[in-house]
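Asker: The structure under discussion is supplied below as structure tokens; questions concerning it will follow.
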Amino acid sequence: MPIGIDALEIAIPDLYLDMTDLAVARGVDPAKFHIGLGQDQMAVSPASTDVVTLAARAAAAVVERADEADIAALGLVVLGSESAVDASKAMAVMVHGLLGLPEGVRAYDIREACYAGTAGLLTAVDYVAAHPGRTALVIASDLARYGLGTAGEPTQGAGAVAMLVRQDPRLLIIDPASTARTEDVYDFWRPEGESVPRVDGHLSNRCYTAMFARVFAAHREASGLDVEDYAALCFHLPYTKMGRKALAGVLTPEEAEARGLDHLHRRYDESLIYSRRVGNCYTASLFLGLLSLLDHSDLRPGDRLGLFSYGSGAVGELVTATVVEGFDSRRDPAATMTALDARRRLSVKEYEAVLTESLEPVGADISSTLLPDGGPYALIGMVDGVRRYRMP
Ligand code: HMG
């Protein structure tokens, strides 16, 4: 029975920083950020738009798009993130409460750096296969932060995606025969109690490209699928140049042209439209690329997509998905572009103020927090470690 994604929705903070402004402030040639990294803008989340807020907004958009019967049939709510706000209580439980989802579900979080969203999706596919008639809600939500003046600063961002997984999906069928590899490496990690990750940036770039090459080769051996069998390849996008380098490792633009496969490079560009304006959002990043592709490409029903997920630490997996007839009626690209255009551009000074304010406010009311975002489910305070959210 085909199982996969029936609805895929996004939530992004309503503030951003222009990468030229950041480059000028840091004394860097703007071309390094726009061309060298492939980033034009970067989403910025104030304390009131925490990772649960973003998760709840994306999940609410999925609930709105989904059939009522599919929400009533929910059996699993799983959230992938590396920006946990509590060391014990799952953020999936918080989102479940904020949205008033049915009581009869399992809700828990998954962690393995940026890979955790994919782990959630594959867990949901397995769950639906094992429980016919039930559905699953998968959320991937993160604030990607490295800190002011760090090498990672231009590769920050924030955002969330949510997906409804069910039998006979109307967007994408997920093939359960994927290929994964795990390797214990310290390219990016965040010890307990530290608010930003430590990262060996250049090592992480090498780990990513090496992992893609290994996983792609192993998947080719297992499935017989090679570059010509994919309509498009989507990548985890810590910055948009990263996936391009990995793709070039299996198919250079010159080889693509010679073999009549230049659609893979064209569609790679089409998968970057949102990420160039949002930046990294860790677990959500691969799916932001997938959304951009679905919204801006000339895909046809039956097309096969390859989705490469990479989580530092490290786990890599190549998942294949098939585009379903009528998929475009399940998406609203204009709404996403309008939301991106409607964001407020911060000055570098305002951005620095947001980044240095506490992510963990103490007290009952943080409505005075710098530049609060006006959307639903905003964090309004925390007492005794209990988080309080403004409801829509
Ligand atoms: P850096 O040292 O500032 O930059 O660090 P660089 O010197 O490597 O330059 C970057 C690119 O800009 C280079 O291109 C330069 O040539 C080019 P490349 O050679 O790589 O193709 N460049 C220019 N281009 C045009 N005009 C110019 C110019 N100047 C330079 N004037 C780095 C960059 C990404 C390492 C840093 O920002 C960083 O540490 N970021 C965080 C880590 C990261 O994003 N790693 C990615 C792979 S790991 C991953 O994806 C997992 C992750 O999402 C976390 C998770 O899994 O949880 C991070």
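The values are calculated or read from the model by the stated rules, or taken from the named source; none is laboratory data. Everything numeric here is computed off the predicted structure, so don't read it as measured data. So basically every Cβ, Gly included, is an ideal-geometry build from the backbone, and we count neighbours across all protein chains shown.
Asker: Given the condition closer than 30 Å to Val185 by Cβ, assigned by TED's automatic domain parsing to the domain that holds Asp126, crowded, with 19+ Cβ neighbours inside 10 Å and among the acidic types (Asp, Glu), answer yes or no: does some residue in segment 83-106 qualify?
Answerer: no
Asker: Quick one: Gly159 ticks every box in (1) surrounded by fewer than 21 Cβ atoms within 10 Å (Cβ to Cβ); (2) modelled with pLDDT of 95 or more; (3) not hydroxyl-bearing (Ser, Thr, Tyr) bar one, so which box is it?
Answerer: (1)
Asker: So which of Pro333, Pro253 is under 22 Å from the mean Cα position of the chain (by Cα) and without any contact (Cβ under 8 Å) to a residue 60 or more places away in the chain?
Answerer: Unique residue meeting the criteria: Pro333.
Asker: In segment 45-79, how many residues are of a type in the set (A, V, I, L, M, F, W, C), touching a Gly at 6+ places or on another chain (Cβ under 9 Å) and at pLDDT below 95?
Answerer: 0
Asker: Separate question: Check every one of the strands (runs of 3 or more DSSP E) wholly within segment 23-116 and list those with 1 or more residues that are more than 18 Å from the chain's Cα centre (by Cα).
Answerer: Qualifying strands (runs of 3 or more DSSP E): 74-80, 106-110.
Asker: Of everything in segment 311-334, what is at negative phi and assigned to a loop (DSSP other than H, G, I, E, B)? Give them in sequence order.
Answerer: Passing the criteria: Ser312, Ala314, Val324, Glu325, Arg331, Asp332.
Asker: Are there any pairs, at least 6 apart or on different chains, whose C-beta atoms fall under 6 Å, with the first in segment 1-22 and at positive phi and the second among the basic types (Lys, Arg), and if so, which?
Answerer: none
Asker: Take the conditions over 23 Å from Leu340 (Cα atoms), at pLDDT 95 or above, assigned by TED's automatic domain parsing to the domain that holds Gly313 and more than 16 Å from the ligand (Cβ to nearest atom) and apply them to Arg220. Does it pass? Show your work before the answer.
Answerer: Details: over 23 Å from Leu340 (Cα atoms): yes; at pLDDT 95 or above: yes; assigned by TED's automatic domain parsing to the domain that holds Gly313: yes; more than 16 Å from the ligand (Cβ to nearest atom): yes.
It is true that Arg220 is over 23 Å from Leu340 (Cα atoms), at pLDDT 95 or above, assigned by TED's automatic domain parsing to the domain that holds Gly313 and more than 16 Å from the ligand (Cβ to nearest atom).
Asker: Just the residues that are under 24 Å from Ala218 (Cβ atoms), touching a Gly at 6+ places or on another chain (Cβ under 9 Å) and either part of a loop (DSSP other than H, G, I, E, B) or within 13 Å of the ligand (Cβ to nearest atom) (or both), please, taken from segment 288-310.
Answerer: Across segment 288-310, the qualifying residues are Gly289, Phe308, Ser309, Tyr310.
Asker: Also, quick follow-up: Out of everything in segment 221-235 that is under 26 Å from the mean Cα position of the chain (by Cα) and of a type in the set (D, E, K, R), what residue ends up being nearest to Ala248 (Cα to Cα)?
Answerer: Per the stated criteria, the residue is Asp226.
Asker: What single numbered condition from (1) on the phi > 0 side of the Ramachandran plot; (2) touching a Pro at 6+ places or on another chain (Cβ under 7 Å) fails to hold for Gly100?
Answerer: (2)
Asker: Of the numbered conditions (1) in a helix (DSSP H, G or I); (2) farther than 13 Å from Ala11 by Cα; (3) within 16 Å of the ligand (Cβ to nearest atom), Leu272 fails exactly one; give the number of that condition.
Answerer: Failed condition: (1).
Asker: Scan segment 149-160 and report the pairs whose first residue is more than 10 Å from the ligand (Cβ to nearest atom) and whose second residue is among the hydroxyl-bearing types (Ser, Thr, Tyr), with Cβ atoms within less than 7 Å and a gap of 6+ or a chain change.
Answerer: Ala158/Ser45; Ala160/Ser141
Asker: Quick one: is Tyr16 in a strand (DSSP E or B), surrounded by fewer than 22 Cβ atoms within 10 Å (Cβ to Cβ) and not small (Gly, Ala, Ser)?
Answerer: Taking the combined requirement at face value, the residue does not satisfy it.
Asker: Here's a follow-up. Determine whether Ser141 is polar (S, T, N, Q) and under 30 Å from Leu74 (Cβ atoms).
Answerer: Taking the combined requirement at face value, the residue satisfies it.
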